[in-house]
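Novice: This is the structure I have questions about; it appears just below.
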Amino acid sequence: MLSAGDSLRKIGQTMPISVLLVDDNALFREGIAEILQKDGRFDVVGQASRGDEAVAAAARLQPNLILIDLQMPGMTGTEAIRRMRAHDPQVPIGVLTMFETQDHIRESLGAGASGYLAKDATPTDLCEAAVALAAGTRDLVAVPEPSASPARAGTSPTLAMLSPRELEVLRALATDAGNEAIARQLGISGKTLRNHIRSTYRKLGIYDRAQAVIVAIREGLVEVTPPRRT
């Protein structure tokens, strides 16, 4: 039997990307569904409001893409991701997010999430990010394989773009420390830290801290716990 990821590669551009939406906010869920359906490249084949419903729907529907919120009643989104990933190691799973903490980001990536999609993104940006996730594009939405060795600072093209101070800033952003604590830790002023953050974001082509955490994990600057095998 083909996994969802294998199925997507088979159909290429000839069929819509089947999507399972998971969020306990029905209005938000319906809004995202409408955006995806109107785009023309997606077919929302199922919706769920709880983690346990999501796990069952994913096994039944075998979608090409799963978009899921982390904060839900009952089973958490992270646990649902872990179970869905165990059932299908290939299916792309995108986390719908607004204000997740760095711990939440690391936990969900460790559970097997493929990347993050901002809930407040424009319809165009949301659809393009969803297409990139479904296609397995290995950029900001990518997660290193659990067996991969962490990259050493300066050995990857991405990290080579950053100055030593910017590397320190990127590593610090992947913690739960606030900007004031990071500035104090690095021995610089808050204004200087903000300048370094802007420069780091510009060089990496990112725009928020959640993306910075994903880059830091992808490049091996911080560790991420691999998903449990069942």
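The values are calculated or read from the model by the stated rules, or taken from the named source; none is laboratory data. None of these values were measured; they are calculated from a predicted model. A quick note on method: Cβ atoms are made from the backbone with ideal geometry, for glycine too, and the neighbour counts reach across all protein chains shown. To get the accessible areas, we keep the full protein, side chains included, count just its heavy atoms, and leave off ligands, DNA and RNA. Shrake-Rupley method; radii C 1.70, N 1.55, O 1.52, S 1.80 Å.
Novice: Is the range 11-100 rounded, prolate or oblate when judged by the Cα gyration tensor, a ≥ b ≥ c being the square roots of its eigenvalues, rounded requiring a/c under 1.5 and prolate requiring a/b larger than b/c? Intermediate results must be reported in sequence, preceding the final value.
Specialist: On the way: a/c = 1.89, a/b = 1.22, b/c = 1.55.
Oblate shape, in that a/c is at least 1.5 and b/c is the bigger or equal ratio.
Novice: Same structure again: Leaving ligands and nucleic acids out of the surface, order Arg209, Arg60, Arg198, Arg50 by accessible area at 1.4 Å, largest first.
Specialist: Heavy-atom accessible area, descending, gives Arg60, Arg198, Arg50, Arg209.
Novice: Now, a different point. Pop the C-beta distance of Arg202 and Met15 into the FRET formula with R0 = 30 Å and round what comes out to the nearest 0.05.
Specialist: 0.20
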